[in-house]
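Derivation of every value follows stated rules applied to the coordinates shown; laboratory data play no part. In this text the structure is predicted, and so the values were computed from the model without any measurement. Because the Cβ atoms are built from the backbone with ideal geometry, glycine has one as well, and the counts that use them run over all protein chains shown.
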Amino acid sequence: MLTRGMPVTTRKPIEKVHFITTPHGLEFGRVDAAIYSTPPAAFLWLSAHLESKGIECRIQDAYTKMLDLETILKDIEDFQPDVVGLSVFTIVWYDNAYLAAKIKERFPEVLLVMGGYHVNHSYEEVLQCEAVDYCLPLEGETSLAELIECLNAGDDPQKVKGLAWRENGNLVATEPRPPLHDIMTLPRFPYHKLMDHRYVPWCFSHSPKDRFMATITSRGCPNQCVFCDIGRTEGRRFRHFTAQRVADEMEYLHTEFGVNQIEFLDALFTTNNKRVIELCGILKERGLELEWACASAIRFTDNQEMLDAMAETGCKKIFYGVESGNPAILKRVKKLTTDQVRKVIGMTKKAGILSHAAYIFGLPGDTPDTMEDTLAFAKSLNTDTASFSMAIPFKGTELYDLYKDKLISTDYREYQRSAVFKVDEYEPEYLEKMLIKAHKQYYLRIRYILSRLGKIKSWHDLWIHVRIGLGFLLGKIRYKMGSHKED
């Protein structure tokens, strides 16, 4: 039961906020390699809003740069922030808790706030970490800005929606923050804060002369996927930047920073087909020579006119969540049919755009036979790249509601490498074996290897492919040897 109480206060006005991504493996005194890197675009949202209010922000992507603990702490010492913000995903919660404790130990006067997926659904657990002062569940831009304004004025944070904190052993939670209705009110993102690192994308052929950046242009998801929480946390209404603003952001990245490759991190970029077609028209009119990629759902990409326009203006790859190759499983997890998947993948290929298909083993109703159907379907679909993963019942998803009584582990470290639930149809170890089998059978086909070699444009690009493959194999070896646990 959450009870109300007086909040944590600060000793001096808050003027500077330091956002940090957390390296994996930090809790065990190591820094795991980032196989490929994606700019932390969520921190761009937060920084843009705070800096419009006069708060200076720094973003330190310690995960991608593989910074060790002392380097992170030295960076905090140099910047001297009043607030440190961490974004937490469930599988790396323990690394974040460790980093938070070390930050608080070294800088006890710094206010430490956390947001992100894990906070959205487990802030009670997060606040058991004594180093954490405030949690910001759901969309945090307005909540964090109002919290800072409130503390600077010496006012009561209980007036601020979307906060949780600890007081005298009790948890305090204010009214949930509703989704930001008009995201067009957000200022331009401060991309310069991430330009000190040359990011390497997974979605493009990439050479040292290329410059890559990622951004987000929308929130909300009308889909109802059982394994995802976006519709529950961001709402099912698709809120988006206009085509004009998206084009302006792309042109700004290109002219100011020399960026020629852009990945849109939107959950479903093509939800509004009209917006995408309008965007492509603007890009064509401006003559921008850019490569870009996005993610979407099969149901929102069944439009050859749109796909052709995307290809003409530089779209190189689309990430599709296919999930299963068995018709009954697709229906059960609220996806389209295999025929509809084949149609849209065929349309994507016709437009000249590469496609990536993601599949999940262990969905509700899955059996060894249905998972074999998925692997066979994946190979027959033959998308340019594919990924296979085990179903993970994260809190906040329908999948968690279905599997919470079947969990065999609540250790989040296990979630990425092991099956953490047990059903009658198969043993948990079967999912792990199926995962390895699927990647081997998909990527070690002679037909596939020859087709990929023809699309690699540099030794640097070849090394990226090798590194990703080795990362997967070494990750499995590390897990089997038990190095995911403390020595």
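Here is what passes the span test in the chain: the DSSP H helices with alpha carbon length of 27 Å or more along the helix axis and a Kyte-Doolittle mean of 0.0 or above are 459-481.
Segment 120-159 and segment 236-255 have Cα centres spaced 29 Å apart. Remark on the chain: C57, C129, C135, C150, C203, C221, C280, C294, C315 stand apart, with no other cysteine beta carbon under 4.7 Å.
With contacts taken as Cα pairs under 8 Å at a separation of at least 6 residues, segment 130-208 carries a relative contact order of 25 percent. Beta bridges per DSSP, both residues in segment 16-173: antiparallel share near 25 percent.
Of all DSSP beta bridges confined to segment 90-180, the antiparallel ones make up roughly 75%. What number, in nm² with one decimal, is the all-direction average of the projected area of the convex hull of the alpha-carbon atoms of segment 16-173? Result: 8.7 nm².
Remark: segment 156-272 projects, on average over all directions, an area of 10.9 nm² (convex hull of Cα atoms).
Note on the chain: Cα Rg divided by 2.2 N^0.38 Å, N the number of residues, gives 0.98. For segment 198-481, rounded, prolate or oblate, judged on the Cα gyration tensor with a ≥ b ≥ c (square roots of eigenvalues), a/c < 1.5 rounded, else prolate if a/b > b/c? It comes out prolate by the Cα gyration axes. Distance from the C-alpha centroid of segment 258-280 to that of segment 368-408: 27 Å, rounded to the whole angstrom. Given the C-alpha centroids of segment 315-367 and segment 49-110, what is the distance between them in whole angstrom? So the two Cα centres are separated by 38 Å. Mean residue ellipticity at 222 nm, helices only, the chain: -12000 deg cm²/dmol; runs of at least 4 DSSP H residues each add -39,500 (n - 2.57), and the sum is divided by the number of residues.
If both residues of a DSSP beta bridge must be in the chain, then about 20% of such bridges are antiparallel. Quick check: from the Cα gyration tensor, does segment 230-357 come out rounded (a/c under 1.5), prolate or oblate? Cα axes put segment 230-357 in the prolate bin. Computed on the chain, with alpha-carbon pairs under 8 angstrom and 6+ residues apart, the relative contact order is 12 percent. What's the longest uninterrupted piece of the chain once you rule out the GluC sites (Glu not before Pro) that are loop residues per DSSP with at most 14 other Cβ within 10 Å? Longest gap between qualifying sites, sites excluded: 131-288. Listed from fewest to most Cβ neighbours within 10 Å, the set Y403, Y448 follows the order Y448, Y403.
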